[in-house]
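Scroll down for the structure; my scribbles are underneath it.
Nothing in this text is a laboratory measurement; each read-out follows from the coordinates by a stated rule. Just so you know, these numbers come straight off a predicted model, no measurement behind them. Neighbour counts are summed over all protein chains in view; Cβ atoms, including those assigned to glycine, are modelled from backbone coordinates with ideal geometry.
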Amino acid sequence: MNLPNRPIVGFTGTRAGMTAAQAETVRRLLRELRPAEFHHGDCVGADEQAHALAMRAGVRVIIHPPEYGRHRAWCLGAAAVLDVKPYMERNADIVAACSILIATPQQAGEIVRSGTWATVRRGRKADRLLHVVAPDGTVGDGRPVPGAVPKSEKRAGFTAAEVIEAWAALARALPTPEEAARNLKANFRRLYRLGLRTAVPAETWRVTTAKACFAVFVRGGVVVDSAPYGKPWAVGQTIDGLTAHVRSRGGTVERLG
């Protein structure tokens, strides 16, 4: 039963849990919003913490449990527990059910490889009112910051041919193209499911260090992807900054093609 003029609030967070500042902000938002319902995904960590805050505030809680039960919190006292679903479908259901979405990511800035940020993007696309609570407790509206360079671009909408060409460029970049070809075969289906997010490189660079050799894809002077031996720290750096860092440690960085 929805109470008139009171919003339905959805929640998304990480298994790492909320910081004390995030938890205090969520508690304050629940007090200010006075939601008719509070929907969450019943995972350990932030969902579990938010459930306790909502129950303490007297809010009607609706649980959307995940199909994979290893990280399920099994929260008690909810008004309803819906059918289990895969993570992405369950997250979509939470967004569809709510008018306001509260998110408590681990990072202050948006990244791609994160279920929490993926749910924020889903909420943004559905035109939900967003309250993104940073680790320090400050609240943002979840909109991309104009001119900011994200840690990793959202790379959707490329054709299958463009994805294959990206991996072909990778094969040319690495000293063992046969291994890169095997990597393509093993990962193509996964890439397709993720929306063909592999960046089609404007430039391909080879990075060689004492421990690894990998390719980075550069667009607009910024590293937007690295594979298959790439390191997360490379993504988001300028190619000039990456080059200086690698060379200071005796490695090499060279542009290919």
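Miscellaneous remarks
- Residue order for His40, His51, fewest other beta carbons within 10 angstrom first, comes to His51, His40.
- Ranked Thr116, Thr208, Thr138, criterion: other C-beta atoms within 10 Å, fewest first: Thr138, Thr208, Thr116
- On full extension, the segment bounded by Thr138 and Arg255 gains 38.0 nm, given 0.36 nm per residue less the C-alpha separation.
- Environment charge at Val95 (Cβ cut-off 9 Å; Lys +1, Arg +1, Asp -1, Glu -1): +2
- Virtual paramagnetic centre 7 Å along Cα→Cβ of Arg31, amide N under 20 Å, in region 90-105: 102-104
- Between the beta carbons of Cys213 and His71, assuming R0 = 30 Å, the FRET efficiency works out to 0.30 to the nearest 0.05.
- Net charge over other residues, Cβ less than 11 angstrom from the Cβ of Pro65 (K, R count +1; D, E count -1): -2
- For Arg113, Arg122, order by how many other beta-carbon atoms lie within 10 Å, fewest first: Arg113, Arg122
- Ala57-Ala126 FRET efficiency (beta carbon distance; Förster radius 22 Å; 0.05 resolution): 0.30
- Neighbourhood charge, 9 Å Cβ-Cβ cut-off, centred on Leu82 and excluding it, Lys, Arg +1 and Asp, Glu -1: 0
- For Glu89 and Arg6, the difference between the fully extended length at 0.36 nm per residue and the C-alpha to C-alpha distance is 27.3 nm.
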